[in-house]
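Just below is one structure, and these are the notes that go with it.
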Amino acid sequence: MNVQLNPKDLSNLRLIVNDGNPTPVVVAEGDGIGPEIMNACLRILEAAGAKLEIRRIAIGEQEYHKGITSGITNDAMNIVRSTGLLYKAPITTPQGGGYKSLNVTLRKTFSMFANVRPSYSLSPIVPSVHQNMDVVIIRENEEDLYAGIEHRQTDEVYQCLKLVSRSGCERIIRYAFEYARAHGRKKVSCFSKDNIMKLTDGIFHKVFDEVKSDYPEINSDHWIIDIGTARLAARPGDFDVIVTGNLYGDILSDIASEISGSVGIGASYNKGYDCAMFEAVHGSAPDIAGKNLANPSGLLLAGVMMMDHIGQHDVAAKVHNAWLKTLDDGIHTPDLKVSHLNERVVGTAEFADAVIKRLGEEPRGFKTIEPKRTQTHLPLVAYPDKKSDSKTLHGVDIFVHHAGHVTNLADRLNRACSGEVTLKMISNRGVKVWPNGEASTLCSDHWRCRFMGSNDRSIDPRCIPQLMATLLAEEVDVIKTENLYNFDGIPGYSLAQGQ
Ligand code: NAD
């Protein structure tokens, strides 16, 4: 197998360097609590001396209501493209079909494949069951179930495709190790569910095992996502950097920011070759929108990371220290609990005022943040898809919509078989129900019918349309087909439960 790496020419990378001039940044204030918290954050950044040339764009609810199903106009997309830097408040994703998630669109359009979400304990000022939590979750941002490819296939059954590429795994896993190396982190943990999803999560785990050997100074381990998440919630001190898939990372990072104090303080950034986007972990919180109750901290800390990204390290440290000092003095928004004799609960705007007042001060209850000396640019590397030496077709899964009993279906399918293929099994919701199924297995109207080359031979692809034509003549309602390939002699398809 060809496993050569192909590093992307780094001269093509858009690196924003601090040359003393204002840095162009696109600001999107979003909706829900977005405008309030963005206003608070921009006031703080400006007061701290941030040199930003702000270009505002409208996104989210207001655009959806105009009939723009992506939530962003082409003009606004071009503005993001021209600067490569976006500071974004949360937006509401409309429920129901017809609308696409703007967050997913932005991440995928600009290929921001890495979503970095740090969570750390602010104990003892912000009470947390975990005093020693300091975890960075690195979430794959473009693949997995978030490809958003869904179909209704029968009266009863709906499908969402989970797409995972080897190159996508390699890119994010290598990014996680590079992140750990650049930030002096000691361990990278991989979270997956490869005991069940042996191919999609399996490739994620496999690539992790391959890549980790290039970073011998960094410890590594693998966790099945369910027990790993339980352990993270109970003993976050066991973890340092976690790399995981798109959906798992989304869930995990909300849990991590909530147990560190509040989902309102979670910050994140999304990074790719040409564009970086800084945002809070939380959503648009419509339940508290417009009430001056929202905590701007998540978006503010995302702003701090953005300042470091563009090389304005003094501003980043100044804002971070003033924010810590504000909590240190017992001032906080209602979502946080603070252990302080002089506790004062304030609104969003007043919290921003309190941070501005403390710019230039240092916290006492927390370690002072020193300005970074250099900008960290991780070597982002592009990986070609790795070709197999051989790919052979051995059968086909034909999915059918059928409301009756399985034996009746099997009879019709068997009648359609030519000499080249044989009906091997039928499964329903992943469980084999023919031959020799269990009478107690609950069946829906969605059946996977597996035809394999007779006598274990590979098959000619042209026999599939012939088989389909015969099935249609038998009035079998075919929904879709999946070809069954062997790659380098290894089956590229899963078995049914009980097969
Ligand atoms: P949410 O994060 O908006 O709110 C969950 C809970 O946390 C609510 O009780 C809310 O009041 C509270 N909360 C959230 N942020 C807070 C803050 N800064 N200060 C104080 N309390 C805060 O999650 P949700 O209700 O599931 O989602 C609402 C909308 O946001 C949905 O349309 C969702 O699609 C969208 N969303 C957007 C983003 C984004 O733009 N990046 C991320 C997640 C969800």
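Name the residue from His205, Val338, Pro35 whose Cα lies farthest towards the positive end of the charge dipole of the chain, charges +1 on Cβ of Lys and Arg and -1 on Cβ of Asp and Glu. Comparing the listed Cα positions along the dipole, His205 ranks first. Computed over segment 443-492, the percent of Cα pairs more than 12 Å apart is 72. When Arg462, Arg81, Arg171 are compared by accessible area at a 1.4 angstrom probe, the order from most to least is Arg462, Arg81, Arg171. Pairwise Cα distances in segment 290-334 exceed 11 Å for 67 percent of all pairs.
Amide H contacts for Leu52 (H built 1.01 Å from N in the peptide plane; partners 5 or more residues away or on another chain; cut-off under 5 Å): Thr23.
Restricting segment 257-326 to trypsin sites (Lys or Arg not before Pro) that sit in a DSSP loop and have at most 16 other Cβ atoms within 10 Å of their own Cβ leaves Lys291.
Extension gain for the segment His183 to Glu482, taken as residue separation times 0.36 nm less the Cα-Cα distance, is 103.3 nm to one decimal.
A simple charge model with +1 on the Cβ of Lys and Arg, -1 on the Cβ of Asp and Glu and nothing else charged puts the dipole of segment 15-172 at about 260 debye relative to its Cα centre. Between the alpha-carbon centres of segment 36-59 and segment 260-307 there is a gap of 13 Å.
With a 1.4 Å probe rolled over the protein heavy atoms of all chains, the accessible area of Ser390, Ser458 falls in the order Ser458, Ser390, largest first. Anisotropy class assigned to segment 190-238 is oblate, per the alpha carbon gyration tensor with a/c at or over the 1.5 cut-off and a/b no larger than b/c. For segment 450-465, the Karplus equation 6.51 cos²θ - 1.76 cosθ + 1.60, evaluated at θ = phi - 60°, returns couplings of 9, 10, 10, x, 4, 6, 6, 7, 6, 10, 7, x, 5, 6, 5, x Hz by residue, with Gly and Pro reported as x. The loop-placed GluC sites (Glu not before Pro) in segment 428-499, going by DSSP, that have at most 15 neighbouring Cβ atoms within 10 Å of their Cβ come out as Glu438, Glu474, Glu475. Subtracting the Cα-Cα distance of Asp226 and Glu46 from 0.36 nm times their residue separation leaves 60.5 nm of extension gain.
Expressed as a fraction of 2.2 N^0.38 Å, the C-alpha radius of gyration for the chain is 1.12.
Counting only DSSP beta bridges whose two residues both lie in the chain, roughly 60 percent are antiparallel. A straight chain from Asn292 to Asn74 at 0.36 nm per residue would run longer than the Cα-Cα distance by 75.3 nm. Placing unit charges on the Cβ atoms of the charged side chains and taking the dipole of segment 380-481 about its Cα centre, the candidate lying farthest along the positive direction among Leu472, Asn436, Thr392 is Thr392.
A simple rule links phi to the HN-Hα coupling: the Karplus curve 6.51 cos²θ - 1.76 cosθ + 1.60 with θ = phi - 60°, which for segment 360-372 gives x, 8, 10, x, 9, x, 10, 5, 5, 8, 8, x, 5 Hz, with x for Gly and Pro.
Between Thr376 and Asn18, the modelled labels are 1.5 nm apart [label points 7 Å from Cα along Cα→Cβ]. A cut-off of 5 Å between modelled amide H atoms, ignoring neighbours fewer than 5 places along the same chain, links Val433 with Ile426, Ser427, Asn428.
Pairs from the table (Lys198/Lys387; Lys386/Lys424; Lys51/Lys108) lying more than 22 angstrom apart at Cα are Lys386/Lys424; Lys51/Lys108. The magnitude of the dipole of segment 17-78, with charges of +1 and -1 set on the Cβ of Lys/Arg and Asp/Glu and taken from the Cα centre, is near 100 debye.
The mean accessible area for residues of the chain, using a 1.4 Å probe and ignoring ligands and nucleic acids, is 45 Å² per residue. Principal-axis analysis of the Cα atoms of the chain puts helix 166-182 at an angle of about 30° to the longest axis. Taking amide H positions as modeled 1.01 Å from N, with prolines and chain starts lacking one, the residues under 5 Å from Glu156 and 5 or more places away or on another chain are Asp445. Per-residue ellipticity at 222 nm computed for the chain from its helices equals -9500 deg cm²/dmol, with DSSP H segments shorter than 4 residues left out and the rest contributing -39,500 (n - 2.57).
Sorting Lys108, Lys100 by accessible area puts them as Lys100, Lys108; the probe is 1.4 Å, largest comes first, and only protein heavy atoms count.
Scalar couplings 3J(HN,Hα) for segment 398-407, obtained by applying the Karplus form with A = 6.51, B = -1.76, C = 1.60 to θ = phi - 60°, are 10, 8, 10, 9, 8, 9, x, 7, 5, 5 Hz; x denotes Gly and Pro. Modelled this way, with points 7 Å down the Cα-to-C-beta line, the labels at Glu474 and Ser418 are 1.5 nm from one another.
For segment 85-159 versus segment 464-499, the inter-centroid distance based on Cα atoms is 34 Å.
Modelled spin-label separation between Tyr215 and Asp456, with each label point placed 7 Å from Cα along the Cα-to-Cβ direction: 4.1 nm.
Based on Cβ point charges of +1 for Lys and Arg and -1 for Asp and Glu, what charge dipole magnitude is obtained for segment 101-147 about its Cα centre, in debye rounded to the nearest 20?
140 debye
Computed over every Cα-Cα pair of segment 329-413 and binned at 10 Å starting from 0, the pair-distance distribution P(r) comes out as 11, 19, 12, 11, 9, 12, 20, 7 percent.
The values are calculated or read from the model by the stated rules, or taken from the named source; none is laboratory data. All of these numbers come straight from a predicted model, not from anything done at the bench. Methodologically, a virtual Cβ is constructed for each residue, glycine included, from the backbone with ideal geometry; neighbour enumeration extends over all protein chains shown. Calculation scope for accessible area: heavy atoms of the full protein, side chains included, ligands and nucleic acids excluded. Shrake-Rupley method; radii C 1.70, N 1.55, O 1.52, S 1.80 Å.
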